[in-house]
Structures are given as structure tokens and as C-alpha cells.
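Undergrad: Okay, here's the structure, questions in a sec.
What follows draws every value from the coordinates through simple rules; no lab data is involved. Note that the coordinates shown come from a computational prediction; the quantities given were computed from them, not determined experimentally. So basically every Cβ, Gly included, is an ideal-geometry build from the backbone, and we count neighbours across all protein chains shown.
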Amino acid sequence: MKKLFIAAFAFIAVSASAQSPKFAEAMGKTLKEYGEAKADDALIAVEAKFERIADAEKTEWLPYYYAALIKATMSMKGIGGDRDKVADEADDLIAKAELMEKGNSEILVVKSMVQTAKMIVDPMSRYMKNGAEASKLLEEAKKADPTNPRPYMLQATNLKNTPPQFGGGCDAAKPLAEKAVALYANFKAKSEIHPNWGKESSEAIVAACK
């Protein structure tokens with residue numbers, strides 16, 4: 001899953017947003033490091049930096065969001081120890097972001113990723129609970145912001161990785177990936193440090209499902 005995010009963060013600049021210059025600079029620098037993180041240790045270090053920024057700022061949801069995003073990815077990839085424990089840590093982090101931004105589409109996307117991370121630890125026994133919750137959260141993310149391409153991208157990714165006999169495969173994934181690509185064409189992040197990842201993954205699914 002990590003490769004979903006690398007390209008989007010490769011050339012992050014300091015945001016000229018309403019946040020303090022110090023916060024924007026720290027976020028921009030850490031996002032750039034995230035885009036460049038290739039080894040597991042580097043990913044773990046970047047996640048820890050986001051947590052430190054979050055602890056210092058306390059009223060900004062974005063560092064909690066990115067820390068949770070990375071933790072969910074780590075759980076899916078088996079990085080950082082027990083996968084359930086790492087997913088639970090991601091859950092705690094995104095809950096802190098949600099306290100500041102209730103109903104935020106981007107936060108709902110990461111909440112869905114956390115449920116997917118928990119589900120893939122034991123798909124046979126957890127699909128009905130965690131898989132269903134992951135799907136529900138993506139539908140909520142669509143409703144919260146119909147212009148956000150990431151719920152469609154993740155749905156397409158999940159279906160592409162699901163066997164056709166269970167409702168997945170290219171036939172199910174391609175229309176959602178095409179929808180995501182169309183939304184990415186017009187999507188404008190609120191600032192350079194706001195979420196803006198996943199375009200290349202959507203395009204890759206469309207290309208693979210020709």
C-alpha cells in the first residue's frame with residue numbers, strides 16, 4: 001500500500017496556508033521525507049515525526065491524519081510489529097483527528113483503511129465485521145465530499161485485490177478507478193500539506209484492466 005502515496009509527496013512545498021509558518025514548515029518537510037521513505041525504518045521514523053508534530057500542536061488534525069495513514073499502511077504491510085496492535089494505534093490516532101474534524105471525508109477514508117488493515121490479518125473470520133465497516137466508511141466519505149477521489153480509489157484497489165468469485169476483479173474495480181481518475185482531474189487540495197494522494201494508483205488500475 002505504501003506505493004499509493006509516494007508519488008504524491010515527492011515534491012511537497014511549504015504551505016502558504018492559515019496555519020503557523022513553523023507548523024507548515026514542519027509538515028512540508030516531513031511530507032517530503034514520507035515521499036522519499038523507501039525502507040521500513042524510514043517509514044517508522046516519519047510516522048514518529050508526525051506524532052511529535054501532533055503532540056506539539058494539539059489543535060491540528062493533519063499530523064494525526066498522516067500518522068494514522070502511515071500506521072494503517074504499516075499494519076497492512078506487516079511493519080512495526082504485531083499487525084493488530086499497529087492497526088489499533090492507527091485507530092487511536094485517527095480518532096484524535098476526528099475529534100477536530102467530524103465528518104471529514106479524508107478522515108473517513110483513513111478510518112476505512114484501518115478497518116481494512118484489521119480485516120486482512122484474518123480475512124475469513126473478520127470480513128463480515130471489519131470488511132463491512134470499511135465499505136460503510138468509504139460510502140460515508142463519498143457523501144461527506146463527493147469531489148474526493150480517494151474513496152473511489154480505495155474501493156477500486158480493494159476490489160482489484162478481491163477474487164472475481166467474491167465480487168472483485170477488474171470488472172468491478174475498473175469503473176470505480178475511472179471515476180477516481182475523473183475526480184482527480186479536477187481535485188484541488190486545500191493546501192500543499194492537505195491530502196493529495198492516490199492518482200497514480202487509480203490510473204494503474206485502469207491501465208491494468210483494459
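Undergrad: Expressed as an acute angle from 0 to 90° and rounded to the nearest 10, what is the orientation of the C-alpha long axis of helix 61-77 relative to the principal long axis of the chain?
TA: Roughly 40 degrees between the two axes.
Undergrad: Charges on Cβ only, +1 for Lys and Arg, -1 for Asp and Glu, centred on the Cα centroid of the chain; of 207, 151, 187, which one is farthest towards the dipole's positive end?
TA: 207
Undergrad: Taking the chain as the reference, fit the longest principal axis to its C-alpha atoms, fit the long axis of helix 105-121 to the helix C-alpha atoms, and give the angle between the two in degrees, 0 to 90, nearest 10.
TA: That helix lies at roughly 60 degrees to the long axis.
Undergrad: What is the dipole size for the stretch 3-208, taken about its Cα centre, with +1 at each Lys and Arg Cβ and -1 at each Asp and Glu Cβ, in debye to the nearest 20? Intermediate results must be reported in sequence, preceding the final value.
TA: Numbers: 28 positive and 29 negative charges, 78 e Å.
With only Lys, Arg, Asp and Glu charged at Cβ, the dipole is about 380 debye.
Undergrad: Using the Karplus equation 6.51 cos²θ - 1.76 cosθ + 1.60 (θ = phi - 60°), what ³J(HN,Hα) coupling, rounded to whole Hz, does each residue of the stretch 184-189 give in order, writing x for Gly and Pro?
TA: 4, 4, 10, 6, 10, 5
Undergrad: Shifting gears a bit: In deg cm²/dmol and to the nearest 500, what is the mean residue ellipticity at 222 nm of the chain if only DSSP H runs of at least 4 residues count, each as -39500 (n - 2.57), divided by the residue total?
TA: Numbers: 11 runs with 145 residues, N = 210.
Computed ellipticity for the chain at 222 nm equals -22000 deg cm²/dmol.
Undergrad: Let me ask something else about it. Taking Cα atoms, how many degrees apart are the long axis of helix 150-160 and the longest axis of the chain, rounded to 10 and kept between 0 and 90?
TA: For 150-160 against the chain, the angle is about 40 degrees.
Undergrad: Let me ask you something else. Can you put 143, 49 in order of Cβ neighbours within 10 angstrom, beginning with the fewest?
TA: Values: 143 12, 49 20.
Neighbour counts put them in this order, fewest first: 143, 49.
Undergrad: With a cut-off of 8 Å between alpha carbons and a minimum separation of six or more residues, what is the relative contact order of the chain in percent?
TA: Values: 323 pairs, mean separation 39.9, N = 210.
For the chain, the relative contact order is 19 percent.
Undergrad: So how do 50, 23 line up by other beta-carbon neighbours within 10 Å, fewest first? Each step should come with its number before you reach the end.
TA: Details: 50 26, 23 19.
So the ranking, lowest neighbour count to highest, is 23, 50.
Undergrad: In addition: Cut-off under 18 Å on the C-alpha distance; same-chain residues fewer than 8 positions from residue 102 excluded. Which lysines are left, in chain and number order?
TA: Those lysines meeting the cut-off are 58, 111, 136, 142, 143, 190.
Undergrad: Name the most mobile residue of 149, 195, 163, meaning the one with the largest mean-square fluctuation, in a Gaussian network model of the chain with Cα contacts below 10 Å.
TA: Looking only at 149, 195, 163, the biggest GNM fluctuation is shown by 163.
Undergrad: Please arrange 112, 125, 135 by how many other C-beta atoms lie within 10 Å of their C-beta, fewest to most.
TA: Working: 112 27, 125 10, 135 16.
Ascending Cβ contact count within 10 Å gives the list 125, 135, 112.
Undergrad: Something else: Here are some pairs, 29/129; 49/188; 38/174; 129/188; which of them have Cα atoms lying more than 31 Å apart in this structure? Could you put the intermediate results ahead of the total?
TA: Numbers: 29/129 38 Å; 49/188 26 Å; 38/174 28 Å; 129/188 34 Å.
29/129; 129/188, as the Cα separations exceed 31 Å there.
Undergrad: Would you please give the residues with an amide H less than 5 Å from that of residue 192, counting only those at least 5 places away or on a separate chain, with H modeled from the backbone geometry?
TA: 16
Undergrad: Return the tail of the calculated pair distribution for the chain, meaning the percent of Cα-Cα pairs more than 22 Å apart.
TA: Cα-Cα pairs in the chain separated by more than 22 Å: 47 percent.
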